[in-house]
Amino acid sequence: MTRAYSISAESIAKERERVADDLSRFDVSRVIQMDELELRPMGPFDVHLRILAVSAEHNVDHAALADTINIVETRGGKMYPGNSAVGEILGVGDGVQRFKPGEIVLTHCNGAPDKFGYPLRIWGYDQPDSIGWYAEEAMVEEWQLIPCPLDCGLSLWEMAALPLRAPTAYHLWRRAIGIYRLKVPAERQAVLNVLAFGGGVSELFLMLAASQGHNAFFCSGSEERRDALAERGIVGIDQNTFNRFATRDDVRAFSKEVRQLTSGENVHIVCDMLRGPVADAGINILARQGVNVSAGWQLAQKVTYNSTIQSVKQVTLDHVHLETIDGSVAATELYGRVFKPTIHKEVYAFEDLPRCMQEMYENVQTGIPIIRVAQELPAAFGQTG
Ligand SMILES: NC(=O)c1ccc[n+]([C@@H]2O[C@H](COP(=O)([O-])OP(=O)(O)OC[C@H]3O[C@@H](n4cnc5c(N)ncnc54)[C@H](OP(=O)(O)O)[C@@H]3O)[C@@H](O)[C@H]2O)c1
């Protein structure tokens, strides 16, 4: 038996009833509960893991809130969440070729690759029967693991921030730059203006843009997170100045500010993981031939825009789900070189994971939140990670 967190449809319904469906009063920590789980017997291609650290991922809050879809109900009334982890291998099945006990690995969360490698489903979310990694131990198949780049210069906590967010950012960037370059080759314009709105994926997206010499802008409501990116040459824009785009006047004021910051050029690539009021703001600031990419719908699932205007401007709105497995491996090569994530000031204890998920929901964290699962760490990390 291993300790693992679960979310039940019953606990969601109880909390929704307590707050009368007012999600501003919803307490995620009442819904994510410590549970126990029996691991399946090891199969020939299985790897038995001891989880060292995990990152709090926003999809877990979405699952607990049931605010996009009620994924827990769809999964039969209970699910074990968690789709990014760093682990140590305890044992491997007879057929496992790539790994051996004692090695440190990362998970990717592609639950069911299509014929080109893109995920049809996400592990620990909508992949049926998938058991997530907010647990002390896990049994996974060999294909689900990527070797951990121990010599990349990042701490255990920094690496734990990346298994889901880095591949997402990597794919968003590959898509955005690829689409833009189809329209405007580097021969005609070398340096682009790239803007992303608050959040861990967006921060990594901007690190990619800045590493390739582009002008990068981070529009966020968090001063700590803006300051952290400023140290990497990424210009901060305070989203609160524009009331998080509550009215058309706020969107207009933001567009004016961006035009000034970019010397009238506007933005060639926008990453919007939030939608809702952010979507309008992001579409408005696009330059001609601009590209808007998204792999998230935290504030809304639907977007409306004027098709005529976007056609005349040759604008592209692109939709990303997640990187391929090969792409996730490639993204790992950039740990420490490009991806240097900002971690929230507290590394949470395993027992405090529900509080961590609630604080993520309250949007009070100063960086990507990490949970330490293992008390004893492998020698490679010392005792401080
Ligand atoms: N498709 C995928 O593979 C994939 C992967 C990762 C994430 N996602 C999704 O993408 C979204 C963002 O994920 P993430 O990991 O980047 O999130 P994150 O690190 O938890 O950041 C979320 C950000 O949302 C911003 N925010 C919160 N409330 C807001 C509001 N009312 N208006 C504007 N901004 C607000 C905050 O930015 P500031 O306060 O700094 O402005 C916060 O930093 C989530 O919905 C997540 O599920 C999808």
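The values are calculated or read from the model by the stated rules, or taken from the named source; none is laboratory data. Computed from a predicted structure; not experimentally measured. All Cβ positions, glycine included, derive from the backbone under ideal geometry; neighbour counts span all protein chains shown.
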Scan I131, I122, I104 and give me the residue that is over 19 Å from the mean Cα position of the chain (by Cα), assigned by TED's automatic domain parsing to the domain that holds G43 and of a type in the set (V, I, T).
-> I104
Hey, among V54, V96, V72, V47, which residue is surrounded by 18 or more Cβ atoms within 10 Å (Cβ to Cβ) and part of a loop (DSSP other than H, G, I, E, B)?
-> V96
Taking the stretch 75-93 as the search range and keeping residues that are within 14 Å of V31 (Cβ to Cβ) and within 16 Å of the ligand (Cβ to nearest atom), which one is surrounded by the fewest Cβ atoms within 10 Å (Cβ to Cβ)?
-> M79
Could you check how many residues of the stretch 306-330 are aliphatic (A, V, I, L, M), touching a strand residue (DSSP E or B) at 6+ places or on another chain (Cβ under 8 Å) and within 26 Å of L154 (Cβ to Cβ)?
-> 4
Which condition number in (1) exposed (fewer than 15 other Cβ atoms within 10 Å of the Cβ); (2) in contact (Cβ under 8 Å) with a residue 60 or more places away in the chain; (3) in a loop (DSSP other than H, G, I, E, B) is the one that D21 fails?
-> (2)
Out of all the residues in the stretch 160-190, which are in a helix (DSSP H, G or I) and more than 16 Å from the ligand (Cβ to nearest atom)?
-> I177, G178, I179, Y180, R181, L182, K183
Please give the strands (runs of 3 or more DSSP E) falling wholly within the stretch 191-277 in which 3 or more residues are away from the ligand (no atom under 11 Å from the Cβ) and under 24 Å from Y305 (Cα atoms).
-> 193-197, 267-271
Residue hits (the stretch 278-314; more than 11 Å from the ligand (Cβ to nearest atom), in a helix (DSSP H, G or I) and hydrophobic (A, V, I, L, M, F, W, C)) are I283, I309, V312
